[in-house]
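Colleague: Dumping the structure here so I can ask a few things about it.
All of the numbers you see were taken from the coordinates with simple rules; none came from a lab. In this text the structure is predicted, and so the values were computed from the model without any measurement. For neighbour counting, all protein chains shown are included, and Cβ atoms are generated from backbone atoms with ideal geometry for every residue, glycine included.
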Amino acid sequence: QVQLVESGGGLVQAGGSLRLSCAASGRTFSNYAMGWFRQAPGKQRELVASITSGGSTNYADSVKGRFTISRDNAKNTVYLQMDSLKPEDTAVYYCNAKNMWSEYWGQGTQVTVSS
């Protein structure tokens, strides 16, 4: 069982930055691929960024060059650095952990970008 707790969301003006954190319980964090998803009102949940257990990263086209995902296996934590934020980045952001046998979600953290 893995529990994920997100933090770092909030209200920011367009062009600003936020850093999201996702702390994971359990001793096998390093075995999981980690991802950040987001869901805006009336829209489907979408992948924002992911990072494999080996450190390979993948980004949605809409955030490439602005967002950076990273992980610290010693701290059981994955981060999402979000720069040059836009109003269309407003959403609830969810942390995800996945391996061959299981998948877990955090409770989400709200990010609101004002114009």
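Colleague: Run down Val78, Val48 and say which single residue is of a type outside the set (Gly, Ala, Ser), closer than 16 Å to Cys22 by Cα and touching a Phe, Trp or Tyr at 6+ places or on another chain (Cβ under 7 Å).
Modeller: Result: Val48 is the single residue among Val78, Val48 that is of a type outside the set (Gly, Ala, Ser), closer than 16 Å to Cys22 by Cα and touching a Phe, Trp or Tyr at 6+ places or on another chain (Cβ under 7 Å).
Colleague: Let me ask something else about it. Identify, please: which residue in segment 32-45 is more than 11 Å from the chain's Cα centre (by Cα) and closer than 16 Å to Trp105 by Cα and is, among those, surrounded by the most Cβ atoms within 10 Å (Cβ to Cβ)?
Modeller: Step by step, filter segment 32-45, then rank; the result is Tyr32.
Colleague: Only residues that are exposed (fewer than 13 other Cβ atoms within 10 Å of the Cβ) and either without any contact (Cβ under 8 Å) to a residue 12 or more places away in the chain or acidic (Asp, Glu) (or both): list them for segment 1-27, please.
Modeller: Matches in segment 1-27: Arg27 only.
Colleague: Take segment 34-70 and flag every residue that is in contact with a strand residue (DSSP E or B) (Cβ under 8 Å, 6 or more places away or on another chain) and more than 20 Å from Val92 (Cα to Cα).
Modeller: Scanning segment 34-70 gives Thr52, Ser53, Gly55, Thr57.
Colleague: Restricting attention to segment 71-89, does a residue exist that is surrounded by fewer than 12 Cβ atoms within 10 Å (Cβ to Cβ) and aromatic (Phe, Trp, Tyr)?
Modeller: No, every residue in segment 71-89 fails to be surrounded by fewer than 12 Cβ atoms within 10 Å (Cβ to Cβ) and aromatic (Phe, Trp, Tyr).
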